[in-house]
Amino acid sequence: MKFNHVVGLLCAAAVSVALAGQACAQDKTVKIGAVFPLSGNAASAGNHAKAALEVAMDIINNAHPELGNFPLAKNAGLAGLGGAKVEVVFADNQGSPATGQNQALRLITEEKVAALTGAYQSGITLTASAIAEKYGIPFLTGESVAANLTERGFKWFFRTTPIATDFVNVYHDFLTDMKAAGAKTDNVALVHDNTEYGTSVANTLATGFKGKGQPIALDIAYPSNATDLQSQVLQLKEKKPDVVIMISYTSDAILFAKTSQAQDYKPPMIIADDSGYSDPSFIKSVGKISQGVFNRSSWSIGPAGSPTAIIAKLYKEKTGDEMDDTAGREMQGFFVLVDAIDRAGSSDPAKIQAALKATDLRPEQLMMGYKGVKFDDKGQNILASAVIIQLQDGENYVAVWPKANADKAPIVPYKGW
């Protein structure tokens, strides 16, 4: 009887160990939620973001020795979690702040994600990250730039991208150099949508330029997802600013280019604030009539065989498109988030949060041209930076400023078509 009892206990223990082992095997996946516009007017950008994260997952979950010492590429899975794989659960925010908020809630409460990323449009990042803050889940955005996102006193929000306060210096210094080279840059106009992104960036640029002794001459706002921009283009045509800074998502950027051609309006210089102007669908649709447009960027493909060139090749093989700055910033943010999870050695949100706060990455550990990644107490990357690129010779952007980073010299005036 005693013998049978002992055998029974041993068998029960063996079953328990086997089940525990099975549970551990099944638990070797870290789930991350990603909220992007996979439908609606920003679907092109959202689906390119999705593709960027899928390429990043391949690099993380499978060994890629060809990437050398690039973080997370050497091993198959996360070494800090015993080879655990990363799974991204994608959610469509449909371009709506309310939907983005609901999707963030679903990912946290139903999918049980360890962290969140997204959401492309700043207005949606605003609402989705508020849910993450409420539930104590790290939220990292790689691309949303509205200044107020890091001014809410949040403890679980992190941002790797340069933001509007950084752009003030980039744009002003670029225009100062262009003026020294003979271009007229005194009268600057801002054209922007009325979203969180457009309004926030425009206000920050206006305040920053005024502080540098160059007040903005003209500020033109329009409804997001506009169907007619004729009055805005005619206003620019009448006022004749030297420089037009465009702060627009993809569909509006395309409409502005087409309307400008229809009205035969060519400002001496157009500078795009990334976003819609970096979207491959913008270049495919109106690149040939937007020759000479400047754009801000932190992405460069790099020399053949470099990690950036290899990553760009993987991305193009997947999408058929060249890597653009927005997709690159989203991928970079995702790498930073997963690197923190790997260093935390855990999928516990509090440990991931602590690891994110301790992040200190050098330029050679990044795919984007930042000076590094290090977060301040507001969650902003204090080492984020940008350069100016220009659409030249067809459908390709090239780096033109600062001179040390330039592949070609900047061309003025704006050619258009």
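Values in this text are rule-based calculations from the coordinates and carry no lab data. The structure presented is a predicted model; accordingly, all values stated were derived computationally and were not measured. No Cβ is skipped: glycine too gets one built from the backbone with ideal geometry, and neighbour counts run over all protein chains shown.
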- Amide N proximity, segment 336-375 versus Ala79 label position 7 Å along Cα-to-Cβ, cut-off under 12 Å: 343
- Taking neighbour Cβ counts within 10 Å as the exposure measure, how do Ser122, Ser44, Ser251, Ser96 sort from fewest upward? Ser96, Ser44, Ser251, Ser122
- Of the listed links Lys85/Lys357; Lys288/Lys318; Lys212/Lys415; Lys284/Lys313; Lys351/Lys378; Lys210/Lys374, those spanning more than 21 angstrom between alpha carbons are Lys85/Lys357; Lys288/Lys318; Lys212/Lys415; Lys210/Lys374
- Principal axes of segment 60-154: Cα extent on each, largest first, Å: 41, 30, 26
- Considering only DSSP beta bridges whose two residues both sit in the chain, what percent are antiparallel, to the nearest 5? 30
- Message: Suppose the chain between Lys371 and Lys408 were pulled fully straight at 0.36 nm per residue; how much longer would it get relative to their current alpha carbon spacing?
- Response: 11.1 nm
- Task: Would you kindly give the portion of the calculated P(r) for segment 209-350 that falls above 22 Å, as a percent of all Cα pairs?
- Result: 52
- Message: On a straight-distance basis, which aspartates and glutamates could pair with Lys31 in a cross-link, Cα separation under 15 angstrom, same-chain partners fewer than 8 positions away excluded?
- Response: Glu54, Asp58, Glu87, Glu110, Glu111, Asp339, Asp342, Asp348
- Per residue and in cubic angstrom, what volume does the convex hull of the Cα atoms of the chain have? 141
- Query: By how many degrees, between 0 and 90 and to the nearest 10, does the Cα long axis of helix 2-26 differ from the longest principal axis of the chain?
  - Reply: 10
- Gained length - Lys258 relative to Glu317, 0.36 nm times residue gap less alpha-carbon distance: 18.2 nm
- Taking Cα atoms, the helix 43-61 axis meets the longest principal axis of the chain at an angle in degrees (rounded to 10) of 40
- Item | aspartates and glutamates with Cα under 15 Å of Lys266, excluding same-chain neighbours fewer than 8 positions away | Glu238, Asp242
- Radius 12 Å from Cβ of Ala253, net charge of other residues (Lys, Arg +1; Asp, Glu -1): -4
